[in-house]
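Here is the structure we will look at, set down as structure tokens.
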């Protein structure tokens, strides 16, 4: 199943300048605002002003920001428009955006800005075609800034030409590093811009309206958006799980298709190869020829990746963790529907060496999402929920005599709020779990009312920057109660808001009477707070014990999103608990710090993190072919060395017994090994190695090799068990990280 990004940011590869050229003419596109769309635009503003949580923070004058932000939606890398264009558009449209949309229902600014974009794309691509015929010198010591999303637009035509000259060298060089001949490299780049020109010429007014109105909604917060009628229709189909695909949410960043999320239980999730923030460069149908999708419309990309159940699709991706933009990896996925059994919670009992060398049995419960009965696409299957499944797994773990448990919420993006409350209740006696504040200031306290616990022993929660929403509620509540130590990245994602979808026909009487299809708006209406009154918004849940991770250097948190709502605090809701005693926490932190400074596995992690951090800090990329080849060779050598270290460390993995609910998982699919001969006659050993690694990873156990954060979380739980043997570390009448006695 494929989910297009809710905000269709048509950020085509940057193009610039208007030139007098022959052979290419700007498309003769002219748009007008239909009466239905005009009413929808006015209705959207009304919804934002009356229902949005942040309604009082945005005033009519701030709608002027829509102009440069809409320009950025079209030209994400700031290489197409000039700074003078921005000044002109702001002067012409900025002061009247609010009045035109709210009072008149007019979005002419969206069309007029696009007309200029259309002209410049056509002229720039003609310039590109001419430039690609010229010789390129890859021996000079030049550099190019790949990410210009925060850079200003060029100030002059001369500056624009120079930026584009380097841009083209960068693109051709990337193809050369991927074993393309010079002729083939230029051909690939030329076809990319031919496709871009075609896509721009096929732009529809509804796409521009969706982007423009979504930009308005985005002023209020990054999770509010507008759905056109077609997008909303797709959204409804997707929510019913009726589409067959790979199980990934996709979006466009600039001109590139990017994986937003991996749907738990979907084919991509089961394959363990496609990751969030991976960039999909090409798509092929089973044994067919790959088709480059850079610059292609998202809807067309989605159509290529969707397909009949049981068929295969091949994706050529640039991995998110790749520090070199020329790195490619092939992934084969068999299309299927998302099965709840695949997404269900699972568990394992690990044998962890204790202080005296004697194995200690510790449990791990892994929860991919907070699902509920409505998520089950199989009508004849037993209805399940996250909390019920975790309760069943805890019974199995207790039967295995585990002495402590780790609740693994890494990469869990949330789900049903009710399930978060029920799941927290498995570990605490009745009490408040989350507070929900509406735009009107009213606060609702959602409480676990169950007296009985499923598990009252030592507990840790393992999180990362992808743990969001319901995951943050559970981790934060267990932390407030002192019930669990939170371990992982420095903080969780930071999405502490609730959205509701409003169908325009149900809001406007005028639209209700119309026979035309209408869209919808997704609006943020509430905010989450923990029992102690702290918001999970922006800051997320701060870990008690932080482990080294490359996540810290990726822009994947709520704080990285534009117009994110602020963190704040409300009144504490009375509850029977308090955070972990400082004496206990300090001891756990000290013991973990000692291991992090002495164990080889942390040396291995820090080495990789430091390498990744240095590569991420390199904003300028060399355009010298030999320098890039040397860097690629050095990176390949580093990766091979890291892999060898990982193989040695894997010998120290703790043995475990896994517990699963539902039928066995289907076999995982990996990319076939490449042919011995490439187009240029040279065998790509690096690609062979990458595919071999992928095959090995796909055939590994569910709890994979050298999971350093999980290893350390288990050791920290064991530390807590040891502290519990000393009453000096007890809190009133219970050992550390255990449930307090009722009363």
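The values are calculated or read from the model by the stated rules, or taken from the named source; none is laboratory data. Small disclaimer: the values here were computed from a predicted structure and weren't measured. Here Cβ is always computed from backbone atoms with ideal geometry, including for glycine, and neighbour counts include all displayed protein chains.
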Query raised in the report: Looking at segment 51-65, is at least one residue within 19 Å of residue 519 (Cα to Cα) and assigned to a helix (DSSP H, G or I)?
Result: yes
Query - Residues of segment 262-282 classified as assigned to a strand (DSSP E or B) and buried (at least 21 other Cβ atoms within 10 Å of the Cβ), total - result: 2
Query raised in the report: Which of the following residues is in contact (Cβ under 8 Å) with a residue 60 or more places away in the chain, touching a strand residue (DSSP E or B) at 6+ places or on another chain (Cβ under 8 Å) and either surrounded by 13 or more Cβ atoms within 10 Å (Cβ to Cβ) or not assigned by TED's automatic domain parsing to the domain that holds residue 446 (or both): 595, 587, 615, 628?
Result: 628
Requested in this report: Go through segment 181-211 and give me each residue that's modelled with pLDDT under 90 and assigned to a loop (DSSP other than H, G, I, E, B).
Outcome: 202
Query - Test: residue 414 is surrounded by fewer than 21 Cβ atoms within 10 Å (Cβ to Cβ), touching a helix residue (DSSP H, G or I) at 6+ places or on another chain (Cβ under 7 Å) and in contact (Cβ under 8 Å) with a residue 12 or more places away in the chain - result: yes
Query raised in the report: Restricting attention to segment 489-499, does a residue exist that is at pLDDT below 95 and assigned to a loop (DSSP other than H, G, I, E, B)?
Result: no
Query raised in the report: When you go through 710, 661, 737 one by one, which is the residue that is more than 31 Å from the chain's Cα centre (by Cα), at pLDDT 50 or above and within 28 Å of residue 425 (Cβ to Cβ)?
Result: 737
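Residue-by-condition table, conditions (1) over 21 Å from residue 466 (Cβ atoms); (2) at pLDDT below 95:
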site: 349; (1), (2): yes, no
site: 354; (1), (2): yes, yes
site: 358; (1), (2): yes, yes
site: 363; (1), (2): yes, no
site: 378; (1), (2): yes, yes
site: 412; (1), (2): no, yes
site: 422; (1), (2): yes, no
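Yes/no per residue for (1) out of contact with any helix residue (DSSP H, G or I) (no Cβ under 9 Å at 6 or more places or on another chain); (2) assigned to a helix (DSSP H, G or I); (3) modelled with pLDDT of 95 or more:
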| residue | (1), (2), (3) |
| --- | --- |
| 68 | no, yes, yes |
| 71 | no, yes, yes |
| 79 | no, no, no |
| 85 | no, yes, yes |
| 97 | no, yes, yes |
| 100 | no, yes, yes |
| 111 | no, yes, yes |
| 116 | no, yes, yes |
| 119 | yes, yes, no |
Report task. Evaluate segment 401-414: report whether one residue or more is assigned to a loop (DSSP other than H, G, I, E, B), more than 28 Å from residue 557 (Cβ to Cβ) and out of contact with any strand residue (DSSP E or B) (no Cβ under 8 Å at 6 or more places or on another chain). Result -> no
Report task. Just name the residue that is farthest from the chain's Cα centre (by Cα) out of those in segment 144-179 that are buried (at least 21 other Cβ atoms within 10 Å of the Cβ) and not in a helix (DSSP H, G or I). Result -> 154
